[in-house]
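To start, the structure under review is shown below, and the notes come after it.
What follows is calculated from the coordinates using simple rules that are stated; it is not laboratory data. Worth saying up front: this structure is predicted, and the values here are computed from it rather than measured. Ideal geometry is used to build each Cβ from the backbone, glycine not excepted, and the neighbour counts take in all protein chains shown.
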Amino acid sequence: MSSPTEAPAVTVLGLGPMGRALAGAFVNAGLRTTVWNRTPGRAAALVARGAVSAAEAQEAVAASPLTVVCVVDYDAADSVLRREAVTAALRGRTVVNLSADTPDRARDAAAWAASHGVRYLDGAIMTPTTTIGTPQAVILTSGPADLHQEHLPVLEALGGSLTHVGEEIGLAAAHDIALLDIFWTAMTGYAHALAVARAEGIGARRLAPFAQGIAAILPPIFAEMAGQVDDGDFSGEESPLTSAASSMAHIAHTSEAHGIEAGTMRAAQALVRRAIDEGHGGDGFTRIAELLGRR
């Protein structure tokens, strides 16, 4: 077994809940872990476990060949990485940016890194803090495949599935945006359903088991729809858009009868109505993806 001084080194910038989870996973894996946070005082527990707290960001990045960044967004990341002293310390080293933002911001960050001699991978964390360092963690990276492979032995300490989704630097963020689109749309739908159910005298706990049943049928539907969209198959033999339009109208009417705002459902209903007006009433719901994707 390697001694602590022989172990690979890694730096973590940002010690919010996720940053602390990342740093903790590196410490648990026996890596020489240096940490830094803009607001002092968050490193104490990590230091007690063996991490080193740097006084300045440039000191932190100089301590390791690999720096993992996890802050609230790319504005916050840029405010640290683009300081003159930090940029100078990063030259020739690798940054893996696990902060959340848009694909365009990832591309801008990569262009900045290339112009300053900084090696760069973008990334996205798709699971909660409690999964980090466990088999349940799901983390995506994008950028040079050889750079991903070079740092994989260290990044694997974060646990679970660490997947390189492609060389185009914006792909990790693009996956993140698309997957969070599913999550927040579903969460909004569930919150709305609970409000409607309550207005009709159905308690949230009473509805929840049936809601879980709805959620359970979605994975095979997702897989089937994905194949149909990729193949350009919009068949709606089993569930045409005309049927969906009727169901959506009932939901919106019931909601509004109770004074519950139904804007999300009305927006979905408008998309379905548009497809029907264009002559696609007999198509399935996959037609909506084609309609939304038109330029």
| request: Using Cα centres only, tell me the gap between region 27-87 and region 154-170 in whole Å. | output: 20 Å
| task | Starting with the fewest neighbours, write out Arg32, Arg274, Arg287 ranked by other beta-carbon atoms found within 10 Å of each beta-carbon. | result | Arg274, Arg32, Arg287
| query | List the GluC sites (Glu not before Pro) in region 158-215 that DSSP assigns to loop (not H, G, I, E or B) and whose Cβ has at most 13 other Cβ atoms within 10 Å. Which are they? | reply | Glu167, Glu200
| request: For an R0 of 30 angstrom, estimate the FRET efficiency from the Cβ-Cβ distance between Thr163 and Ala191 and round to the nearest 0.05. | output: 0.50
| Cα gyration tensor, region 118-265 - rounded (a/c under 1.5), prolate or oblate | prolate
| query | Going by how many other Cβ atoms sit within 10 Å of their own, how do Arg20, Arg42 line up, fewest first? | reply | Arg42, Arg20
| field | Cβ-based net charge around Arg266, under 14 Å, with every Lys or Arg adding one and every Asp or Glu removing one | value | 0
| So what's the net charge close to Thr94: Lys and Arg +1, Asp and Glu -1, counting the other residues with Cβ under 13 Å from its Cβ? | 0
| Cβ under 15 Å from Val118's Cβ, Val118 left aside: what net charge do those residues give with Lys, Arg +1 and Asp, Glu -1? | +1
| remark: Taking only Cα atoms of region 9-166, the Rg to Rh ratio with Kirkwood Rh works out at 0.92
| remark: When Asp104, Asp231 are ranked with the fewest other C-beta atoms within 10 Å first, the list becomes Asp231, Asp104
| Spin-label model distance (nm) - Glu150 vs Asp181, 7 Å beyond Cα toward Cβ | 3.3 nm
